Structures are given as structure tokens and as C-alpha cells.
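Comments concern the structure below.
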Amino acid sequence: MSDNDVEDVSFLPGESLHRKAIYEPSVPQRCKQFVCSQGKATIVAIVIGLFVLLITLIAAFARPSQPICESGHSKMEQHGTLVNIQTDDYVATNGKPFPWRNVRLPDSVLPIEYHIFLHPNISLSIFQGVVTILCKVQKETDFFVFHIKDLNISDYGVKLSNGENVVVNEYLEYKRNEQIYVRLERQLPTGTQFNLEVKFLGQLTGKLSGFYKSSYKTDNGEERYIATTHFEPTDARSAFPCFDEPHFKAIFQMSIVREKDYIALYNMPLNRSEVYEKGSLMVDHFEKSVDMSTYLVAFVVCDYKNVTSHTKGNVKVSVYTPPDQIERAHFALEAAVAILDYYDEFFGVKYPLPKADLIAIPDFAAGAMENWGLVTYRLTAILYDPVKSSASSQQWVAVVIAHELAHQWFGNLVTMKWWDDLWLNEGFASFVEYIGTDRIHTEWQMTEQFIGDDLLKALYLDSLSNSHPISVPVHRPSEINEIFDSITYSKGASIIRMLQEYIGKEKFQEGLKFYLKKFQYGNADNSELWQSFQQSLDPNTVLNVTLMMETWTKQMGYPVITLSRNGNKVTATQERFLLYPQSQENSQYISPFLYKWYVPFSYTTSLDINITQKLEMKLIDNVEFEIKGDAEWVKGNSHMFGYFRVNYDEKNWKAIIYQLNKDHTVFSAGERAGLIDDAFQLARSGRLSHKIAFDLTQYLVHEEEYVPWDSALSNLGYIEGRIQNKPVYRQYKNYMMKLMEHLLNKLTWDDSGDHLTKFLTAEIFGKAIQFGHQQSVDNGKLAFKKWSMNSSSISPNLKMSTFRAGIEYGDDTEWELCWDQYLKANVASEKTQLLAALGFTKDVRLLSRLLSFSLENDKFKSQDTPSVISIVSGNYGGQALAWRFLQQNWDTFYTRYGSLSFILSSIIKSVASGFDTDFDYLEVKKFFETRDAGTGVMAVKQAMEKIQMNSYWMKQNEKEVTDWLMKNGS
Ligand code: BES
Ligand code: ZN
């Protein structure tokens, strides 16, 4: 399978570690499942069971308190979702009509300040809480609406600031919209302030969202539990009742009860601790937060250790990890301090909180989450072991930290008004993460890496008819969750980078500083960002930033710019680029610009290699420009700053190929990666012959840099996936070995060289071993043998190649050895490598065993099941197995990860995208016709389009590619 086909799963291990992650919190649809599978009798039994449990919980937590008033609804009603709710019935849980018929809250009442008291009981997996929300009436009203989800309310009441009680006439819950409607006995005039107090009970479940339970094993095998949160986008409401929309910013004050030998952490520092109810518990009271959105609130109760340091601005930075892992926290700490110092300068506004905590969470759906002052991380995204972790896992830690810290300004200080602008939040952080990481490790060449890791990935996904515009209206949680994808992240980052290049770094930064100052502690939308950039420009400029950027955000896809030359005249024409134009258009998105873009075009010629010329194509079909008549070639999109592809006439392609062979360094590494990608993607779309694309790869015999090689291996990998079971695979292997020969002679097994050389070595050795290159296989097997006797004998960057040789060319013994080590490993990144290694076996029995292990809780955490499936389906022999496994277990995944989960879409993509026959297409279609794909709906469409495209590719190109390989690979 091509690397491209796994474009958005960063929990993939091994060499893919540095890839971008797209996840989402998982919300199991337990109730739905019961209805489908067990029938009514089970439902009744469960309802009764839950009712009994609730009573027990209330008793367990009972402490003297004055009831405010009776809630008036029962547990039976709470679990009303056990019965299917019609989409538009608007019936509250007590059977009465629910008057508020909008998934968004009314804005007549605003929250100002929350006081939250929480008492989690980790061993019983429950929590109780009281929240008092100081609210202000914005427009005279006698009702208000707020959010709750999966909480049982035991009491509630409304009091004016003078202490007077306001009688509640109606209190209704509507589960589908996760809303509570409260109608008061009288109108409250504008400006009135009141306190809403709600007492509630909830469960700390094993799902990875809301307030949930997580566990880790100590070095001596003891299992320990912690309680932690993940709220973005809409799960704060499952930890405490709240106005859970990003524009309802408020101050949060928090108190948490904990055991004496545990600690509690929150967005803000501890203010004081006291003994709780004269017992063995303590209650921690924290400092008040600044004005912030609900999705950024976080708290953790754990028994962790920490390391601490300070920024120049005296912000206290700490990294918290399970006690046995604390030695692996130093790199994260250093990186966070350095990046925070730099961002203070870069954003022109100082980090406003007194502390910044980073904490490792053993069970985590996403890679990391930017909670203000308490960023939560998956273990692989924060822990770095200088001896055991590879260069790519070190980079991943730095990148994730840089990303989440960028959000502390962009997202936390200034927040989007509504989730429609999520792309701005995530696209921006995905852009700035490179700036932050580059600052601490210039030698990692992050700016060149951007091209492979974000730009090309976005260009690929966005060339499907089933892509979507960056800006899409979203309403419900399921829709919001669905847009955490590569378009939002990587296309978002790519078009921001394009704008920065176009208006210049200084103006860009000026606009950004203006925006952050103007909207700090508030909300903004993308037009306000564009206006901020506009005001930084010369008032006489003809550039309309909003107009230009909207052509990139409001329509899906992007153009291919075709340059045709006549003497010294070049005509540039724009047209939408589609990889498989025959596929059915996603008709729900109509382009307001008829698929024309405002293109900031740039080019160089062979005569002025270092001079970039710029011109604009403003929503028009073509522009003409002149070059020196004797220029051998013209090359568009200098340094790949533009979010588009460029095609040329055959003569110009040949001249570029000639140049690459003569001296490829006249183009930057990123440009070379882009040329390879453009050529192959243009060939796949039928706009260029595969012969030209393959001819272009011949220069790789001189290529020694990682970024172009990564692009080449990904593009050739696509073709490899198509011809793997054809006789010409042999010639393909020969050709690849020819291209890699110089590197195989140069790269060594002693893990020397710079950062990107380490990446390159891992890729090239891995490929050579796959192709059966004897010397590499022998070296790998030898290293494996040494490792089996002494696991510290190989350096982390060579582990993947070593494991690959051992497992791919070994049998059960090697596999079982790695499996054993997998179970024992306590370094997260090493565990990931071992898992990837297990997927290299040629024995389908072992792959099948791995798949079935993936659902066993004592072997895999539920956050890791998708990686196992993806690893198995990435193995040619495992593709069909993985598809069968997906079908067999779809209901389990649906229950486990929920219809809201991005995990579902990543599973679908990793399993189905590599198929290439009409038969496969029909199978996938048939399967999902009768299943709810949840948030995987778009993934299913995209996977089916890819299968059709693959099948079409075979029919269209197999002969041409086979002929070329027969000639050049024999
Ligand atoms: N805000 C997201 C976390 C998130 C992801 C919340 C999906 C809800 C659903 C966070 O800033 C993020 O983007 N994390 C990335 C890491 C980053 C380096 C791309 C992740 O989780 O993979
Ligand atoms: Zn993010």
C-alpha cells in the first residue's frame, strides 16, 4: 500500500511515527448496541441494574448537604436513550415536549464564573460533583439552556445574587442534543446575575473522553489507576453541567477531592489543600482560571512524579509522568521551556498563566490535547529515552509539544467563535509546530520536512472527489468530530504557509500579533484573522487577503497549473486537479468560485536559478509571462510554497529531468520531492505519461537526501502495491535496487550521520530488506541475533530494520521473541516499534493471531487496536485478513469507539484503501450499505473512491508501466 493511503493516522508505529495524527475522543454507543443485539428484555434488566447502581452510588457519596430542590426525573428517564429517539421528536426524557429546538444554545444567558467541586472515587469508577455557575442575563428571558451528557442530576436550583431563590417551573432534559432546558417562574431582566447550582453523579468509564479512568503498570508489574479528562470538542458536558460552546468563555474555579498519596492537577496552580471531612481524604482548591472555553478545562488525579524548570518569563514548566518513567521526561521539559520562550517573542503576547504542565496519559485517544496550562499527551508523544527511542520518536515529541504550545495562544487565548473555524485552530498549530521545532533543532530541516509530511499529504487527499472544503458548516458533535482530518490540519497548514510566503514573514507576523492582541481572551472567526493580515499590509495594496484566502477555504480541491511554452512566451492555465475525475462528485459541496482559485504563482528558469519570479492568477483561467528565450526549462511553484500542482509540456519535463541528472541540487530537497510527487500524481490522473514520471526517478541514483526519497518511496510504493502479485514485480525490485545501490554502499549499520540521515537509513534499509537484498538481510539477521541475546545491543534507529530482517526472514521463534518483548517493554516508543515489527511476518497465521490479540484487554490498550489493524493490513498477506477482521468486529469497534470516533474512520481507511479490484469495491460497498459507519461515513466514500481509482489505474496503466520496468529493470 502506498504511504499516501495512510495519510492521516499518526498512531502508526515505526517510521510513520512522525506523521500527523487525526484522532477523536471515543464515545461508546453502548445503549444503541444493547438495542440492536439483545432486545427489550436486556434493556429492562440493564435499566433496573443501573437504577440499583445509582442508588448505591448516591449512598456511597452521601454527605450532609442541603438539597436545593428535587430534580423530578428518574434514572429510568436518564437512560431513555435505550429506546431509539427519533431524529426530530423533541421529546424530553419525561415525555413532555422539549421547547428548545436548536442544537446550539440560546445566548440570552451567559456563564461568567464556574465553581466546580469534584469528588472522584477511582476505585469505584465514579465521581460526584457540584457546580455553581454565575450567569448573567444578556437579554430579558424566563428560560435558559445548558449542556449535560451521561450525568445524573440529583439536585438543582437557581438563586439570585442577593440569595433569593427563583422557582423553577420546568426542568427538561433532551438527550439527543445533550441539553437541559430550565424555565423560571418569571422573566429576569437584562443584566440580572444569578447562580445556577447543580449536583451530579457520573461514571469514570474506560472510554477515552470526558472524565475517565486510565491505568499504567509500574516496573514491577503493579497496575495503578488515575483519573483524567479529554473534553475537546464537546465532552466537558460529560464531566460537569456547562454551557459547552467555545464562545461561552468564563472563569473556572476548581476544587478536587483526592486520596492523601495522590495529587490533583488542574489548568491553574494549587491554592491550598485541606483535610476533607476529617477523613483520610484531602481537598485541593486551585487558583481561578483566566477567561476560557469549556473544552480547554482539564484535571487529572494521579500518583505521578514530575520534573520542573522555568522559562525566562518565570513560567513554571513541569512534566508529569508515572514514577518509573520520569527519567524520560527531560527532553520534553527542555523542549517546552525553549519553545515557550520563543513563542512569547513570536506571538508578541506573553504566555499568560503562571504555570505550564505537560502530562503523560497512558490511555489517550488523540496524540495530545492543548488544555490551557495542563496539556495532556499520549505516552509516545512526550516520553523520550535517549538510549532507547529513535530520532523519529524524538522529533515526534518535539513536534507535538510545539503544536500544543502554539494552541496556548492560537486557540486558547484567542478561540474560534464556533467549530466551523476549527481548521484555523488546527491548521495554524500544524503550521507553527514547524517553526517551534525548527527553533530548537534547526538541523532537523523542518521546513523541508513540511513538504512531505503536510503539503503532499493534503494535496493527495484533496485530489479526491470525496474531499471537502476546509470551511464546512458543522452543528452536531458528530459533525464537529468528523472534521478533525487531514484537510483541516494539513491543508489548513499549507494554505497558511502559502499566505505567509506571499505577504512576507514580517507582515505575516505583524498581522498575527495584531490579531492576538485584539481578540485576546475572546473569540474570532477567520474573516477577522484575514482582516488582521490585511491591516498589516500597505493600505494601497491591491491584494484582498479575504478574497484570496476564501478561494482556498470555501471550495474543496486545488488547481493544477499547466505551463505551455512558445519561444519566450509561457502561458499558465489553471484547472481543478482530480486524481480520478470519473468518480462521483461529492455534490453536497458546491463551489462558489466555479473551481477557480486566486493563485500566488511563482517560477524560476534554468537561466535564473536563484531568482523567483511572482505573478498572480486571480480567479482567471490563464496568464501569460515572458522568460528568456534560451532558457532550457521553467519550473513553477518555487520551494513548493503554493498549494497546487504544476504540469509542463513534454519538452520542459525532459529538460527538468536532464537538469536533475546533471545537477539535482539546483532544486531544493523539498522541490525535488514535489517534482516527483507532481509527476506521479499527474500520471495517475492521466495528465502525464508514466514514462516521464519513471524517467524522472532515474536521477535518484544521485539522490542522498531523505525528503525526496520519502516522496519517491511513497509514490513508487503506490505502484508497488498494484504490481505486487505480477511477474513484473521482479523487474520493479531490480530497478529499485539500482536506484538505492549508492546509498546501500554509503549508509552504515552504526547509526552515524545526522538526523535526516537516520530517517533515510531506516527507510532504505527497510526497503532493501523487503526486496531481499542479501547483504542487508544478513546484517539485519545478525543484529537480530545479537539483540535476542542482549536487547541493548542495537541502536534505536536501526531497530526497525533489524526487527524486519529477523521477523520477515524468520519463523515463529523470532516472532514470539518479539511478542514477548512487546509485552514486557516499558518504553512506549520501543513498544510501538516492536508492534510494527510483528506485522512484518510472512506467516498469515501469525498475522491472524496478532489481530485476535488486538481485542484482548490484557494485551492491548483499546487506544492501540487500530494500530494493530493498520499494521496487519499494511502487509500484503494481511490485507484480506484485516478486511475480514474489520467485518467480523465492526459492531465491537462501534461499541468501543463510538459513532463519534475518528478511530473508526482511520480503521476503514487503513484497511480498505489498498484494494484494487471491482470485486473489492462491491464488497466494501455491500458491507457498509447495511452498517452505520458513524464518523467513518466520509472515510468509506474516500476508500471506495480509492478502490475504484486503483482498479482504473490497473486497466489504464499496467501495460505502460510493465513495459517501462521490463526495459529498465531487467
Ligand atoms: N486539539 C487537538 C486534539 C484533538 C484531536 C481533540 C482530535 C479532539 C479530536 C490537538 O491539538 C492535536 O491536534 N493533536 C494532534 C497532535 C499534533 C502534533 C498534530 C494529535 O492528537 O494527533
Ligand atoms: Zn491541534
Tell me yes or no: at least one residue of the stretch 471-486 is closer than 28 Å to residue 708 by Cα, of a type in the set (S, T, N, Q) and more than 18 Å from the chain's Cα centre (by Cα). no
Within 25 Å of residue 210 (Cα to Cα) and either away from ligand 1 (no atom under 11 Å from the Cβ) or acidic (Asp, Glu) (or both): does that describe residue 359? yes
Of the conditions (1) within 12 Å of ligand 1 (Cβ to nearest atom); (2) touching a residue at least 40 places away in the same chain (Cβ under 8 Å), residue 414 clears all except one; give me its number. (1)
State the number of residues belonging to the stretch 495-533 that are within 16 Å of ligand 1 (Cβ to nearest atom) and aliphatic (A, V, I, L, M). 1
What residue, among those in the stretch 378-435 that are of a type in the set (A, V, I, L, M), out of contact with any Gly (no Cβ under 9 Å at 6 or more places or on another chain) and closer than 23 Å to residue 361 by Cα, is farthest from ligand 2 (Cβ to nearest atom)? 387
Scanning the stretch 614-631 residue by residue, those farther than 14 Å from residue 571 by Cα and surrounded by 15 or more Cβ atoms within 10 Å (Cβ to Cβ) turn out to be 618, 619, 631
If we keep only residues of the stretch 184-207 that are within 40 Å of the chain's Cα centre (by Cα) and basic (Lys, Arg), then the residue surrounded by the most Cβ atoms within 10 Å (Cβ to Cβ) is 207
In the stretch 824-836, anything in a helix (DSSP H, G or I) and over 18 Å from residue 872 (Cα atoms) is listed as 824, 828, 829, 830
Pairs where the first residue, in the stretch 274-291, is free of Cβ contacts under 8 Å to residues at least 12 places away in the same chain and the second is surrounded by fewer than 18 Cβ atoms within 10 Å (Cβ to Cβ) and of a type in the set (A, V, I, L, M), C-beta under 8 Å, 6+ apart: 275/281
Taking residue 876 and the conditions (1) surrounded by fewer than 16 Cβ atoms within 10 Å (Cβ to Cβ); (2) under 30 Å from residue 696 (Cα atoms); (3) over 28 Å from the mean Cα position of the chain (by Cα), which numbered condition does it fall short on, given that it satisfies the others? (3)
Does residue 223 meet the test of being of a type outside the set (Gly, Ala, Ser), in contact with a strand residue (DSSP E or B) (Cβ under 9 Å, 6 or more places away or on another chain) and within 15 Å of ligand 1 (Cβ to nearest atom)? no
Name the residues in the stretch 169-182 that are part of a strand (DSSP E or B) and surrounded by fewer than 18 Cβ atoms within 10 Å (Cβ to Cβ), would you? 169, 170
For the stretch 916-933, what are the residues that are surrounded by 16 or more Cβ atoms within 10 Å (Cβ to Cβ), at pLDDT 90 or above and not acidic (Asp, Glu)? 921, 924, 927, 928
Residues of the stretch 588-611 satisfying the condition of being more than 34 Å from the chain's Cα centre (by Cα) and surrounded by fewer than 16 Cβ atoms within 10 Å (Cβ to Cβ): 607, 608, 609, 610, 611
When residues of the stretch 417-437 are limited to those that are closer than 17 Å to residue 532 by Cβ and among the aliphatic types (A, V, I, L, M), the one nearest to ligand 1 (Cβ to nearest atom): 432
Look at residue 584 and say whether it is without any contact (Cβ under 8 Å) to a residue 40 or more places away in the chain and not basic (Lys, Arg). no
Report, ordered by the first and then the second residue, all pairs with beta carbons closer than 9 Å, sequence separation of six or more or different chains, a first member in the stretch 475-494 that is within 12 Å of ligand 1 (Cβ to nearest atom), and a second member that is of a type in the set (Ser, Thr, Tyr) and not in a helix (DSSP H, G or I). 477/234; 480/234; 481/234; 481/901; 484/23
Within the stretch 330-355, of all residues that are more than 16 Å from ligand 2 (Cβ to nearest atom) and under 14 Å from residue 320 (Cβ atoms), the one surrounded by the fewest Cβ atoms within 10 Å (Cβ to Cβ) is 330
Name the residues in the stretch 783-830 that are free of Cβ contacts under 8 Å to residues at least 24 places away in the same chain and either charged (D, E, K, R) or in contact with an Asp or Glu (Cβ under 7 Å, 6 or more places away or on another chain) (or both), would you? 785, 786, 816, 820, 824
Looking at 108, 154, can you tell me which residue is more than 29 Å from the chain's Cα centre (by Cα) and either without any contact (Cβ under 8 Å) to a residue 60 or more places away in the chain or exposed (fewer than 14 other Cβ atoms within 10 Å of the Cβ) (or both)? 108
Quickly run through the stretch 449-475 and pick out the residues that are of a type in the set (Phe, Trp, Tyr) and under 23 Å from residue 913 (Cα atoms). 460
Could you list, ordered by first residue, the pairs with Cβ atoms under 6 Å in which the first is in the stretch 336-356 and modelled with pLDDT of 95 or more and the second is assigned to a strand (DSSP E or B), at least 6 apart or interchain? 336/317; 336/358; 337/309; 337/317; 355/316; 356/317
Do you know which of the residues in the stretch 629-652 that are touching a Ser or Thr at 6+ places or on another chain (Cβ under 9 Å) and part of a helix (DSSP H, G or I) is farthest from residue 673 (Cα to Cα)? 650
Conditions (1) of a type in the set (A, V, I, L, M, F, W, C); (2) over 28 Å from residue 223 (Cβ atoms); (3) assigned to a helix (DSSP H, G or I): number failed by residue 840: (3)
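The values are calculated or read from the model by the stated rules, or taken from the named source; none is laboratory data. Everything numeric here is computed off the predicted structure, so don't read it as measured data. Backbone-built Cβ (ideal geometry, glycine too); neighbour counts: all protein chains shown.
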